[in-house]
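All remarks here apply to the structure that follows.
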Amino acid sequence: METAEKKQIVLSAIQPTGTPTLGNYLGALKNWKTMSNDYECFYAVADLHSITVRPEPAQLRRRTLEMYALLLAIGLDPEKNTVFVQSHVNAHAQLAWILNCYTQFGEAARMTQFKDKSEKHPENVNVGLFSYPTLMAADILLYQADFVPIGVDQKQHLEITRDIAERFNGLYGDTFKLPEPFIGKAGAKIMSLQEPTKKMSKSDTNAKAFISMLDDADAITRKIKSAVTDSEACVYCGEGKDGVNNLMGIYACCTGKSFDEITAEFEGKGYGDFKAAVAEAVVEELRPVKAEFDRLIADKAYLNACMQQGAEKASYFANKTLRKAMKKVGFYQL
Ligand code: TYM
């Protein structure tokens, strides 16, 4: 008799706000791929989240398709994993509304990302930006996720998700699984190449500060060669060596080497050799992704078919949890 072992569940999502950076890749996407072999995975393009900054409609459509293609290009198999677009699954917005009513104003107001974004864009502090974490909680809780692979900047949103789920479960009995963040050791926070105390971000006005996942080999090499380091010219991980620590993290993620191994490898060598090795490792890491992206983006019919299938699979799982939550709250059932 066949014994179907139940796999643990993983969910994560990424916003279609432009080509993701090496930070997105090493902090999150690379782990998505690794986890996809051992877990039942749900991966979403978080287009609902992305309208908090009101993108131009044609651009949002194009970026959604490109982000979807990129997720397949990193090696996610759409047959084995459920890869979908968030707005194609109605349950996300529905559960988010319910969770809004179980989230306190004060706890949402404490989110550092909300505070940062409202400070940066005082002209558009919309309610969507404020309730962003409850939509993220809905994304996660709908799939009863055990693990959520993210970079460190999303950790607080995971914590509020757990708080909301615990509160709901406390009121109505077990409804949602409490998810754990999965944060890699080396890539959890990839820093800007120009100001290595700041997170690498695609919205940085200085293009030399970040590597985009679709940058070509020349651009990658140029940016890493001009990365800010220090005057010590000695490769080790230490205090005040933010630039070198960051490059070591990048190299560690791409090669699987430990920090000690990296220090040993570059003993007696300067930053020129080190940067050349880091650049080569990043180029090799991203080369197949870019080639596969170029191939996939030309096949819109295939991407649409995968999206359709992903939406159906995701809806099936998500609606089960949504129905359960709605029943517990007391919505009249037909
Ligand atoms: P987003 O789209 O900003 O980023 C996607 C993922 O990339 C990680 N990340 C980084 N990791 C390391 N170093 C960096 N410099 C770096 N920059 C970004 C992020 O931590 C994230 O894991 N709200 C989320 C998207 C989302 C989501 C979800 C995530 C929507 N629903 C449910 C998990 C579960 C966001 O804006 O990520």
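Values computed for the structure shown
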read-out	value
Modelled FRET efficiency - R0 30 Å, Glu284 with Cys237, Cβ distances, 0.05 increments	0.85
Kirkwood Rh and Cα Rg combined as Rg/Rh, the chain	0.99
Gain in span if fully extended, Val53 to Tyr302, counting 0.36 nm per residue against the direct Cα distance	86.7 nm
Exceeding the 30 Å Cα-Cα cut-off - candidates Lys185/Lys208; Lys6/Lys327; Lys198/Lys300; Lys120/Lys269	Lys198/Lys300; Lys120/Lys269
Dipole magnitude of the chain about its Cα centre (Cβ charges: Lys, Arg +1; Asp, Glu -1), debye to nearest 20	1020
Quarter of Cα convex hull surface for the stretch 31-119, i.e. mean projection, nm²	7.6
Neighbour-count ranking [beta-carbon atoms within 10 angstrom, fewest first] of Met200, Met307	Met307, Met200
Positive-end residue of Ala69, Ala13, Ser50, charge dipole of the stretch 1-75 with Cβ unit charges	Ser50
Percent of Cα-Cα distances greater than 21 Å, calculated over the stretch 151-310	58
Spherically averaged projected area in nm², based on the convex hull that wraps the Cα atoms of the stretch 162-234	8.1
Neighbour-count order for Glu267, Glu159, Glu40, fewest beta carbons within 10 angstrom listed first	Glu267, Glu159, Glu40
Taking the C-alpha atoms of the stretch 105-177, convex hull volume expressed per residue in Å³	90
Net +/- balance of residues flanking Lys7 in space, Cβ distance below 11 Å, scoring K and R +1, D and E -1	-2
Least to most buried among Cys101, Cys253, Cys306 (fewest other Cβ within 10 Å first)	Cys101, Cys306, Cys253
Sparse-neighbour loop sites [trypsin sites (Lys or Arg not before Pro); the stretch 41-90; at most 12 other C-beta within 10 Å; DSSP]	Lys80
Gain in span if fully extended, Lys208 to Glu79, counting 0.36 nm per residue against the direct Cα distance	42.7 nm
Reciprocal mean inverse distance between Cα atoms of the stretch 207-294 - Kirkwood radius, Å	13.3
Mean Kyte hydropathy of -0.5 or more with a Cα span along the axis of at least 15 Å, helices from DSSP in the chain	57-73, 127-141, 242-255, 271-297
Dipole in debye (nearest 20) - the stretch 207-294, about Cα centre, beta carbon charges: Lys, Arg +1; Asp, Glu -1	260
Gap separating the Cα centres of the stretch 72-102 and the stretch 172-229, nearest whole Å	23
Most fluctuating residue given options Ala264, Ala279, Ala96, as computed from a GNM of the chain linking Cα atoms under 10 Å	Ala264
Distance-filtered residues of the stretch 128-154 - backbone nitrogen under 19 Å, label point 7 angstrom along Asn169 Cα→Cβ	134-149
Backbone HN-Hα couplings from phi across the stretch 75-84 [Karplus 6.51/-1.76/1.60, Hz, Gly and Pro as x]	x, 6, 8, x, 7, 8, 10, 9, 10, 8
Packing-based order for 284-294, 18-28, using average beta carbon neighbours within 10 Å, highest first	18-28, 284-294
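A short reminder: the numbers here are calculations on the coordinates, not readings from a lab. What you see is a predicted model; the values in this text were computed from it and never measured. Don't worry about glycine lacking a Cβ; one is built from the backbone with ideal geometry, like all the others, and counts go over all protein chains shown.
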